[in-house]
Each structure stands twice: as structure tokens, then as C-alpha cells.
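Below: the structure, in C-alpha cells.
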Amino acid sequence: MRKPLIAGNWKLNKTLAEAEALAKALVKELADVTDTEIIIAPVFTALGRVAEIIADSPVSLAAQNCYPQETGAFTGEVSPLMLKDIGCQAVIIGHSERRQLLGETNQFINLKVKKALETGLQVILCVGETLDQRESGEMLEVLTAQVKGGLADLSPEQMTNLVIAYEPVWAIGTGKTASNEQAQEAHSFIRGLVQGLFDPDTSTACRILYGGSVKPDNVDGLMAQDDIDGALVGGASLNAEDFSRIVRFNKNRH
Ligand code: PGA
């Protein structure tokens with residue numbers, strides 16, 4: 001009953017011409033998909049053009065970040081209102097690259113989550129532990145702080161427009177995917193956290209994506225896990241053929 005969601009995070013890649021070409025290829029390859037929700041997240045400068053290209057397709061548009069204010073003296077930032085205005089339906093918030101490289105805290109991420117939801121954008125909230133944290137036994141503590149911090153003050157109604165992405169930092173861009181069991185264990189733990197914060201209906205309905213080196217050859221095993229409802233794909237989303245294969249993962253469980 002949780003509709004699978006495959007999201008492509010293009011990160012800092014693709015010029016406008018390259019983004020147009022990839023968006024056109026995806027529209028062509030994925031035109032008939034109805035059983036899986038599809039989102040792509042290009043760089044800010046390509047959003048407007050990609051929005052036009054995917055307008056009549058099953059592919060939706062997300063930004064990779066936003067600022068938690070509508071307008072004002074915030075040089076270099078982009079607000080959820082402006083993302084909606086340019087055609088985004090969703091926004092990725094709290095990606096580990098932003099947490100690590102730009103020092104984003106759970107508190108700041110929570111402000112963004114709330115502003116984006118208020119504006120009517122779907123939120124993909126990213127959480128995940130580093131290798132050090134996993135090896136020193138802090139993983140559950142870190143995930144708890146990220147989930148509780150990111151979801152602070154939200155209502156169960158707001159949770160219907162929010163997706164969580166579990167992305168172990170050690171698996172991002174490294175080619176080292178979490179095993180199906182490691183991913184399932186973390187997802188089940190996160191679902192338990194959502195239940196504790198809200199209620200069983202909210203946690204049962206909440207989609208939890210796995211991210212970290214998802215590829216055509218490992219997506220089926222991951223998607224077969226009970227608590228894995230989709231994928232947030234980086235590297236493999238930059239290639240239309242690979243991303244389309246991931247979208248068309250083996251649906252045995254779903
Ligand atoms: P990757 O990135 O698929 O290249 O590991 C995933 C992500 O960071 O969202």
C-alpha cells in the first residue's frame with residue numbers, strides 16, 4: 001500500500017544542455033510507468049527547463065535544497081515558494097553532503113522541512129550514519145537524533161507529504177551498498193522511531209527510501225525488503241538507461 005518512489009539526485013552535475021537531454025531521454029523511457037512514483041532533482045539552474053520537458057510525463061521535479069524563509073535578505077538562497085513557482089513538487093532536505101560540507105544541523109534542517117511542507121512541497125528528508133559512527137556503535141543514536149530533530153513539531157497530517165531517505169554516508173558514491181539486511185534493519189528502526197513520534201498509521205504509511213550506491217544490479221534485492229519503499233539514487237541517476245532500469249525494479253514484493 002506504500003507506492004514505491006524512485007528519486008534521482010543529480011547533485012552538482014549537468015549543464016543546461018545535458019540536463020535537457022537527460023530529461024528528454026527519461027520522459028521517453030518512462031512514459032508508461034504508473035505503479036512507481038518518479039522524481040528527479042537537477043541543479044537549481046536547470047529546474048525551469050526540466051519542468052517544461054517533464055510537464056506531461058510521470059516524472060516529477062525536486063530541488064536539492066531550500067532555505068527556510070519565503071523572501072528576504074538571504075543572499076544566494078532559494079525559497080520553497082520559488083521552487084514551487086518554477087514547477088517543483090518536492091525538495092530534498094538534509095542530504096549528508098550538506099550536513100558534512102556545509103555544517104547543516106538537525107535544527108536548521110527541521111526549519112527547512114517545516115517551511116517546505118507549509119509551502120506544499122513534498123519533502124525527502126535524508127538521514128544516515130557515517131562509517132565511524134556505525135563502527136563505534138553510535139548508529140542508532142545518530143539516526144534517532146536525525147529523525148527526531150528533522151521531524152520535530154510536525155503533525156501526522158504533514159507526515160503524509162514527507163518521505164525519509166536512509167543513506168548511510170559510507171555507502172554514498174563509494175560503490176559499497178549496505179547489504180539488504182543492513183538496510184532493512186535501519187529502515188525498520190526508523191519506522192519504529194516514526195511510530196514513537198506519531199502513531200502506527202503514520203508510520204505504516206510513511207515511505208522510507210534507501211540511498212547509497214543503488215544500481216540496476218542491486219535495486220531488486222533492496223526493494224524486496226519489507227521496509228524499503230524506494231530509492232534515492234545519485235550516480236546511477238545521471239544515466240537514462242540505468243535510472244530507468246532502477247525505476248523498473250522487480251516488483252515481486254510490491
Ligand atoms: P550515490 O548517491 O547513489 O551516488 O551513492 C546517493 C545520494 O547521495 O543520494
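The values are calculated or read from the model by the stated rules, or taken from the named source; none is laboratory data. Predicted model only: the values in this text are computed from it and were never measured. All Cβ positions, glycine included, derive from the backbone under ideal geometry; neighbour counts span all protein chains shown. Ligands, DNA and RNA are stripped out before the accessible areas are found, and what is left, the full protein with its side chains, is counted by its heavy atoms. Shrake-Rupley method; radii C 1.70, N 1.55, O 1.52, S 1.80 Å.
Please state which one of 158, 195, 133 is closer than 21 Å to residue 5 by Cβ, open to solvent by less than 60 Å² (accessible area, probe 1.4 Å) and in a helix (DSSP H, G or I). Quick ask: steps written out before the conclusion?
Details: 195 fails: open to solvent by less than 60 Å² (accessible area, probe 1.4 Å); 133 fails: closer than 21 Å to residue 5 by Cβ.
That would be 158, the only listed residue that is closer than 21 Å to residue 5 by Cβ, open to solvent by less than 60 Å² (accessible area, probe 1.4 Å) and in a helix (DSSP H, G or I).
Right, residue 75: open to solvent by 80 Å² or more (accessible area, probe 1.4 Å), at pLDDT 95 or above, of a type in the set (Val, Ile, Thr) and touching a helix residue (DSSP H, G or I) at 6+ places or on another chain (Cβ under 9 Å) or not?
Numbers: open to solvent by 80 Å² or more (accessible area, probe 1.4 Å): yes; at pLDDT 95 or above: yes; of a type in the set (Val, Ile, Thr): yes; touching a helix residue (DSSP H, G or I) at 6+ places or on another chain (Cβ under 9 Å): no.
Considered against the rule, which asks whether it is open to solvent by 80 Å² or more (accessible area, probe 1.4 Å), at pLDDT 95 or above, of a type in the set (Val, Ile, Thr) and touching a helix residue (DSSP H, G or I) at 6+ places or on another chain (Cβ under 9 Å), residue 75 comes out as no.
Residues 221, 192, 150: which one is in contact with a helix residue (DSSP H, G or I) (Cβ under 8 Å, 6 or more places away or on another chain), among the small types (Gly, Ala, Ser) and closer than 21 Å to residue 97 by Cβ?
Details: 221 fails: closer than 21 Å to residue 97 by Cβ; 192 fails: closer than 21 Å to residue 97 by Cβ.
The unique qualifying residue is 150.
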Members of the stretch 99-110 that are open to solvent by 60 Å² or more (accessible area, probe 1.4 Å) and over 10 Å from residue 149 (Cα atoms): 100, 101, 102
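Does residue 69 satisfy being surrounded by fewer than 22 Cβ atoms within 10 Å (Cβ to Cβ), touching a residue at least 60 places away in the same chain (Cβ under 8 Å) and more than 18 Å from residue 163 (Cα to Cα)? Walk me through how you get there before you give the answer.
Numbers: surrounded by fewer than 22 Cβ atoms within 10 Å (Cβ to Cβ): yes; touching a residue at least 60 places away in the same chain (Cβ under 8 Å): no; more than 18 Å from residue 163 (Cα to Cα): yes.
Judged against the criteria, residue 69 is not a match.
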Every residue from the stretch 230-244 that is part of a helix (DSSP H, G or I) and within 14 Å of the ligand (Cβ to nearest atom): 235, 236, 237, 238, 242, 243
Per-region count, the stretch 198-229, residues part of a loop (DSSP other than H, G, I, E, B), over 20 Å from residue 169 (Cα atoms) and open to solvent by less than 10 Å² (accessible area, probe 1.4 Å): 1
Qualifying residue in the stretch 207-218 (condition: more than 16 Å from the chain's Cα centre (by Cα) and of a type in the set (D, E, K, R)): yes
Output for the stretch 227-252, where each listed residue is in contact with a helix residue (DSSP H, G or I) (Cβ under 7 Å, 6 or more places away or on another chain), among the polar types (S, T, N, Q) and within 15 Å of residue 21 (Cα to Cα): 237, 244
Selection status of residue 125, open to solvent by less than 30 Å² (accessible area, probe 1.4 Å) and in contact with a strand residue (DSSP E or B) (Cβ under 6 Å, 6 or more places away or on another chain): yes
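Only one residue in 144, 174 is in a loop (DSSP other than H, G, I, E, B), polar (S, T, N, Q) and either open to solvent by less than 40 Å² (accessible area, probe 1.4 Å) or farther than 24 Å from residue 3 by Cβ (or both). Which one? Talk me through it step by step, then tell me what you get.
Values: 144 fails: in a loop (DSSP other than H, G, I, E, B).
Residue meeting the stated conditions: 174.
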Scan of the stretch 2-32 for residues that are in a loop (DSSP other than H, G, I, E, B) and either under 19 Å from the mean Cα position of the chain (by Cα) or within 16 Å of the ligand (Cβ to nearest atom) (or both), ordered by number: 2, 3, 4, 10, 11, 12, 13, 14
